[in-house]
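Encoded as structure tokens, the structure appears first; notes follow it.
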Amino acid sequence: MKKKVYLGLTCPPLDFESLDLGNQAYLVKTYASLFAPFMLSFTRPTASKRYGEPWKAANGGLNFVINAQAEFEILAKSKLTEDEQISHFVALLRISISPEILCPFISNGPFLNAEDAVKADVTFYPYETESIYTRFTNAESKKVTESKSVWMRENWHSSMLFAGENKQYKLAVEILGKVQHFHSRGMALVAICGVLESFYLQNRSELSFRLALFIAAYLGNTGKDRISYFNTAKKVYAARSASAHSSEDCPVEPLLDAIHLLRLTVWAALSNKKLPKVEDLDVLLLNPQFDQF
């Protein structure tokens, strides 16, 4: 029997009531609130009572307003575990639809209305309960539209299968999905550059130049594109080096550029169903018209 997972999402407002994401996956408007007040107990636990009196309420707590339910079927053909598939799906939502998406809880049943949610056989599990630290918002990200879901609809299924076969690809998607949770832009940039290096630099000599050169060869279709990607990658790596060797946080621009380069690399790798090897990159570098992908 196929198993479905239901995700409670905090995200920008949906510009639709329900959206088919393909392969039995859906994104639907709903409402719920996950809240957790903080309490303190000042008595050591016993065998019969874990949190003994006296109690005292602490200031603060957790509260997440859920405005969307996503659901998808666990893929038996994927080599990813169930937990890995959930993490991968959430990361793809963030990469392709909105970086503002959080998944505070998951469930084994739907919760589109209160009657379904309170059924005895529906169980909820807290999932992501840490807020976003680094935000990449702009005017276009204020709503989730159908047009933003096209890549997700066309690729989430194949991405789940490809990630089960390729650890580097899985790590790249994971890093892109968690970049908002890094406590500093500098550390996020170092992590992203590390993944870019694992994609492009089997030979570690002259890292910055070779990384920029191979990124340009893999992503650029024209000479103008390649120059642009080359210059962007050089700036990203310079900012990465500064972040790795100083206590100052990096500006947001190189981090956004790094995210963009890694996202394009992930999409190209999934489209080609393979990661670039040194031989492939050498051919692309020396013969831009060669198309082996």
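Every number in this text was worked out from the coordinates using simple rules, so none of it is lab data. Computed from a prediction, not measured in an experiment: that's the story for all the values here. We place every Cβ from the backbone using ideal geometry, glycine too, and count neighbours over all the protein chains shown.
Remark: the Thr145-Asp15 segment gains 46.3 nm on full extension, using 0.36 nm per residue and subtracting the alpha carbon distance.
Tell me whether the range 3-84 comes out rounded, prolate or oblate; compute the Cα gyration tensor, take square roots of the eigenvalues as a ≥ b ≥ c, and use a/c under 1.5 as the rounded threshold. Cα axes put the range 3-84 in the oblate bin. Mean residue ellipticity, 222 nm, helices only, the chain: the sum of -39500 (n - 2.57) across DSSP H runs of n ≥ 4, divided by residue count and rounded to 500, is -14000 deg cm²/dmol. Under the shape rule built on the C-alpha gyration tensor, where the axes satisfy a ≥ b ≥ c, the chain is prolate, since a/c reaches at least 1.5 and a/b is greater than b/c. Residues in the range 171-185 carry Karplus couplings, in order, of 5, 4, 5, 4, 5, 4, x, 10, 4, 5, 8, 5, 7, 9, 5 Hz; the curve used is 6.51 cos²θ - 1.76 cosθ + 1.60 with θ = phi - 60°, and Gly or Pro positions show x. For a straight C-alpha distance cut-off of 27 angstrom, the lysines reachable from Lys29 (same-chain residues fewer than eight places away being disregarded) are Lys2, Lys3, Lys4, Lys119, Lys142, Lys143, Lys148, Lys178. Exposed loop sites here are GluC sites (Glu not before Pro) assigned a DSSP state other than H, G, I, E or B and surrounded by at most 14 other beta carbons within 10 Å; excluding them, the longest clear run of the chain is 18-129.
For Lys235, the aspartates and glutamates whose Cα comes closer than 13 Å to its Cα, not counting residues fewer than 8 places off in the same chain, are Glu253, Asp257.
Charge tally for Val28 (other residues, Cβ to Cβ under 9 Å; Lys, Arg +1; Asp, Glu -1): -1. If the chain linking Leu207 and Ser33 were pulled fully straight, counting 0.36 nm for each residue of separation and taking away their Cα-Cα distance, it would gain 57.9 nm.
Taking trypsin sites (Lys or Arg not before Pro) as exposed when their DSSP state is a loop state and no more than 16 other Cβ atoms lie within 10 Å, the longest site-free interval of the chain runs over 205-272.
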